[in-house]
Amino acid sequence: MTWDLCVLGAGPGGYAAAMRAHDLGKRVVIVGSGATAVTLVPAMVDKAKHVTMLQRSPSYITSLPSVDPVAKQLHRVLPDRAVSSIVRWKNVLVQLGIFQLSRRRPEVVKRLLRKMLERQLPAGFDIDRHFTPRYDPWDQRLCLVPDGDLFKALRKGQASIVTDHIDTFTETGIRLRSGEELAADIIVTATGLRLLMLGGIRLGVDGTPVPVPERKTYKGMMLEGVPNFAFAIGYTNASWTLKADLTGEYLCRLLRHMDAHGYRQCVPRNDDPAVTERPLLDFSAGYIQRSIDQLPRQGSKAPWRLWMNYPADVLAMRFGSITDSAMKFSNPEPTA
């Protein structure tokens, strides 16, 4: 083999290795079509000889300015704290509106995304092949590129997109199923993500292992039958950190409640036989489907239901009651 580097995986380490190697002015192939791939391509084009994004199937990709024009105008008349709150809610509601429109009128969203692509891509670019997925918008995540940097790289000829399947690796690059040879000095695999629930922790209560896939999540942050244990699951249809922030706020409220009443233990338990189980994440992305059998479940109604709706979660987790029929508080004797 004559490759200079093959980066297997595009986490922080793989990204850093690729960035060091691309200073050599080599031909780079990035395998993938998700957020990592569309971020890597424009980051590497300035010094690489050429960057190719090789995808098995396309993703929906759109562009947003890196500096919010609304925030820029508001900063002229309002203090930073007020602007932050206004822009945050503006972004949340716009995102929620796009998601709901995608669910109810997917053809409308498809047309809007295509018009944006037509404005930013070179004339004659094969949008049907390279930017039109088989699924509807928001069946998988919608990728955002800041300031259209990916499209700029395509217009300038610094980058290209190939939609095909890998047949095999060769001494000079990749042979595709179509028979085409794709030359590569550096190959970065920005795909194949696998989720690892709880970071691989082996969870147990009093020495008894907890079968995580058989438990339901309480408010998307605790596991049924597991005391004093919380984690964060974000949104698949918005910024992940929105829900993570709410989880942190709710956990602080829960701890203050326990301190105020002298409780040492809280554990969610489901005593309602009407609550049925369903998959934790209703999302068709490959990295979700590959790991869905390792994730806990959600219930059919609150507080076991995992809502993908920030305003609803704000009401429930920031202002809702800490006590309910599912959360059991106690003050057991300490054990060795």
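Some observations on this one:
- Qualifying residue in the range 95-109 (condition: closer than 20 Å to THR39 by Cα, surrounded by 12 or more Cβ atoms within 10 Å (Cβ to Cβ) and aliphatic (A, V, I, L, M)): no
- Residues in the range 197-219 that are free of Cβ contacts under 8 Å to residues at least 60 places away in the same chain and of a type outside the set (A, V, I, L, M, F, W, C) were compared, and the one that is most open to solvent (accessible area, probe 1.4 Å) is ARG202.
- Failed item, numbered, when THR236 is tested on (1) under 30 Å from ARG141 (Cα atoms); (2) open to solvent by less than 60 Å² (accessible area, probe 1.4 Å); (3) outside any loop (DSSP other than H, G, I, E, B): (3)
- So LEU154, is it under 21 Å from ALA238 (Cα atoms) and either part of a helix (DSSP H, G or I) or open to solvent by less than 40 Å² (accessible area, probe 1.4 Å) (or both): no
- Qualifying residue in the range 179-196 (condition: more than 30 Å from ALA48 (Cβ to Cβ) and open to solvent by 20 Å² or more (accessible area, probe 1.4 Å)): yes
- The range 56-71: number of residues that are hydroxyl-bearing (Ser, Thr, Tyr), open to solvent by 30 Å² or more (accessible area, probe 1.4 Å) and in contact with a Leu (Cβ under 9 Å, 6 or more places away or on another chain): 0
- Condition check for ALA82: of a type in the set (A, V, I, L, M, F, W, C), without any contact (Cβ under 8 Å) to a residue 60 or more places away in the chain, open to solvent by less than 70 Å² (accessible area, probe 1.4 Å) and farther than 30 Å from LEU182 by Cβ: yes
- Within the range 260-283, being outside any strand (DSSP E or B), open to solvent by 60 Å² or more (accessible area, probe 1.4 Å) and either in contact with a strand residue (DSSP E or B) (Cβ under 6 Å, 6 or more places away or on another chain) or among the hydroxyl-bearing types (Ser, Thr, Tyr) (or both) holds for TYR263, ARG269, THR276.
- Residues of the range 116-148 satisfying the condition of being farther than 25 Å from SER178 by Cβ, open to solvent by 50 Å² or more (accessible area, probe 1.4 Å) and touching a residue at least 60 places away in the same chain (Cβ under 8 Å): ARG141, LEU144, PRO146, ASP147
The values are calculated or read from the model by the stated rules, or taken from the named source; none is laboratory data. From a predicted model like this one, the values you see are computed outputs, not experimental measurements. Glycine also receives a Cβ, built like all others from the backbone with ideal geometry; neighbour counts cover every protein chain displayed. Please note that ligands, DNA and RNA were not included when accessible areas were found on the heavy atoms of the full protein model with its side chains. Shrake-Rupley method; radii C 1.70, N 1.55, O 1.52, S 1.80 Å.
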